[in-house]
Amino acid sequence: MFTWLAMATWSPYIVGAGIGVLVWVAFLVSDRPLGASTAYAKTAGMVESALSRKKAAAMPYYRKFTPTVDWQWMIVVGIVIGAFLSAWISGTFSVFIVPPLFAGAFSADPLLRIVVALIGGVLMGIGARWAGGCTSGHGISGTLQLSVASWVAVVCFFAGGIFVAGLMFGFPFFSGV
Amino acid sequence: MAFDTIRSNKSAQIVLGLLIGIAFGFLLQKGGVTEYAVIIGQLLLTDFTVVKVMLAAILVGMVGIYAMKAAGLVRLHSKGGSVGATVIGGLIFGAGFAVLGYCPGTAAGAIGSGALDAVVGVLGIVIGAGIFARLFPYLDRVILNRGAFPADTIPELLGVRPALVVGIVAVLIVGVLAMLAMLGL
């Protein structure tokens with residue numbers, strides 16, 4: 001059992017099946033789909049609340065997604081802990097700022113990666129809330145419920161992602177074949 | 001419905017959210033999808049780990065959820081959408097996906113594996129969500145409700161029994177996964 005837990009990677013099919021079972025559990029015991037991006041909207045609401053409680057309470061979006069620590073917020077806290085446990089048990093935990101692929105393609109300068117990551121994060125935060133979900137909420141939980149919006153969303157996630165990644169790195173798949 | 005007591009217990013739900021999150025993060029990290037190179041590799045169509053994980057999750061999740069729904073154990077949480085919200089938001093998300101190299105769930109997982117650029121990414125996602133919340137009243141008036149989809153779920157859209165769609169989608173997913181394996185991707 002421990003050797004299995006200590007393996008650096010598992011088969012993507014096993015991992016996917018495990019996530020599928022996790023969605024069953026979430027539906028059964030919590031009556032909720034598994035998603036991550038709502039927690040970020042709640043966190044933004046907590047910041048707005050700390051700046052001005054009255055103003056935040058008057059914002060329509062935070063009436064839909066109340067800025068409170070709840071099930072959805074704890075999911076994201078849990079992800080950090082769970083990923084740390086996995087990396088630590090398998091001895092792959094390592095602290096870095098610039099991923100090697102990014103350093104090789106652009107620059108090993110941490111400042112560039114920080115600026116790029118911030119811009120990417122802002123775009124993603126806007127897009128996730130605009131579309132009403134992310135790769136978890138739409139991409140897995142929504143598609144498996146056969147939601148029309150979620151299948152459209154996941155196609156757009158990948159269409160936008162493949163296009164912009166191609167602009168940044170070149171299109172190796174198309175030039176390589 | 002079963003599980004009503006635990007579903008309405010607020011503090012139990014906080015603990016359950018944490019536990020489900022821990023299991024989710026553990027699986028994401030073991031799957032390798034918390035890695036920048038794996039996500040970018042998927043978007044460059046050179047590494048299909050992300051698609052394999054997602055399709056396997058959809059296959060197992062879909063069969064189980066629809067079976068439990070038929071047994072009266074769970075209800076669906078399918079959200080409606082529109083061209084203005086889902087397509088435009090999805091494309092903006094996709095651009096962010098490529099620029100950041102993590103998504104909202106896997107960025108949290110990347111932090112757990114030691115990626116400090118993911119901390120910046122998470123900060124950016126919170127800022128982005130905050131910007132959207134500020135723009136929401138305006139966007140809701142002018143764009144988010146444009147071109148609303150005619151139905152919430154594919155079975156409703158096609159007017160057929162859910163079991164039929166579940167069967168067809170399951171066969172398609174197995175087919176795509178088999179094709180990826182045959183191509184050595």
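List of remarks:
- Screening B:Arg75 with (1) facing chain A (nearest Cβ under 7 Å); (2) basic (Lys, Arg); (3) within 19 Å of A:Thr38 (Cβ to Cβ) gives one miss only, at (1).
- Residues that are crowded, with 24+ Cβ neighbours inside 10 Å and at the interface with chain B (Cβ under 7 Å from one of its Cβ atoms) within region A:35-44 comprise A:Ala36, A:Ser37, A:Tyr40, A:Ala41, A:Ala44, listed in sequence order.
- A:Val148 falls short of the stated requirement of being farther than 26 Å from B:Ala67 by Cβ and at the interface with another protein chain (Cβ under 7 Å from one of its Cβ atoms).
- Count of region A:134-154 residues which are of a type in the set (Gly, Ala, Ser), outside any helix (DSSP H, G or I) and in contact with a Ser or Thr (Cβ under 6 Å, 6 or more places away or on another chain): 1
- Scanning region B:75-102 for residues that are hydroxyl-bearing (Ser, Thr, Tyr) and either assigned to a loop (DSSP other than H, G, I, E, B) or modelled with pLDDT under 95 (or both) gives B:Ser78, B:Tyr102.
- Filtered by the rule that a residue be of a type in the set (A, V, I, L, M) and assigned to a helix (DSSP H, G or I), region B:130-153 gives B:Ile131, B:Ala133, B:Leu135, B:Leu139, B:Val142.
- With respect to the conditions (1) within 22 Å of the chain's Cα centre (by Cα); (2) in contact (Cβ under 8 Å) with a residue 60 or more places away in the chain; (3) exposed (fewer than 15 other Cβ atoms within 10 Å of the Cβ), B:Leu185 lacks only one, and its number is (1).
- B:Phe97 vs. criteria out of contact with any His (no Cβ under 8 Å at 6 or more places or on another chain), touching a residue at least 24 places away in the same chain (Cβ under 8 Å) and on the phi < 0 side of the Ramachandran plot: yes
- Test result for B:Gly114, within 7 Å of chain A (Cβ to nearest Cβ), surrounded by 19 or more Cβ atoms within 10 Å (Cβ to Cβ) and at pLDDT 95 or above: no
- Residue check: B:Ala70 meets all listed conditions (1) in contact with a Leu (Cβ under 6 Å, 6 or more places away or on another chain); (2) within 30 Å of A:Val29 (Cα to Cα); (3) among the hydrophobic types (A, V, I, L, M, F, W, C) but one, namely (1).
- The single condition among (1) in contact with a helix residue (DSSP H, G or I) (Cβ under 7 Å, 6 or more places away or on another chain); (2) part of a loop (DSSP other than H, G, I, E, B) that B:Gly72 does not satisfy is (1).
- Taken over region B:60-72, the criterion of being more than 22 Å from B:Gly105 (Cα to Cα) and either within 7 Å of another protein chain (Cβ to nearest Cβ) or surrounded by 17 or more Cβ atoms within 10 Å (Cβ to Cβ) (or both) is satisfied by B:Val63, B:Gly64, B:Tyr66, B:Met68.
- Sole residue being at the interface with another protein chain (Cβ under 7 Å from one of its Cβ atoms), hydrophobic (A, V, I, L, M, F, W, C) and outside any helix (DSSP H, G or I), chosen from A:Phe102, A:Phe84, A:Phe93, A:Phe157: A:Phe93
- Of all residues in region A:48-71 being within 21 Å of A:Ala36 (Cα to Cα) and charged (D, E, K, R), the one that is farthest from the other protein chains (Cβ to nearest Cβ): A:Arg63
- Inspection of region A:109-117 finds a residue satisfying the criterion of being surrounded by 23 or more Cβ atoms within 10 Å (Cβ to Cβ) and hydrophobic (A, V, I, L, M, F, W, C).
- Among the residues of region B:25-59, those identified as of a type in the set (Val, Ile, Thr), part of a loop (DSSP other than H, G, I, E, B) and within 16 Å of B:Thr106 (Cα to Cα) are B:Val33, B:Thr34.
- Every pair of residues 6+ apart whose Cβ atoms lie under 8 Å, when the first sits in region B:130-158 and is in contact (Cβ under 8 Å) with a residue 24 or more places away in the chain and at the interface with chain A (Cβ under 7 Å from one of its Cβ atoms) while the second is among the charged types (D, E, K, R) and part of a loop (DSSP other than H, G, I, E, B): B:Asp152/B:Lys79
- Residue match in region B:137-150 (condition: of a type outside the set (Val, Ile, Thr), modelled with pLDDT of 95 or more and under 28 Å from A:Tyr13 (Cβ atoms)): no
- Of all residues making up region A:6-51, the number that are at pLDDT below 95, assigned to a helix (DSSP H, G or I) and over 27 Å from B:Arg134 (Cβ atoms): 0
The values are calculated or read from the model by the stated rules, or taken from the named source; none is laboratory data. Being a predicted model, the structure only gives us computed values, none of them experimental. Counting neighbours? That spans all protein chains shown, and the Cβs are built from the backbone with ideal geometry, glycine included.
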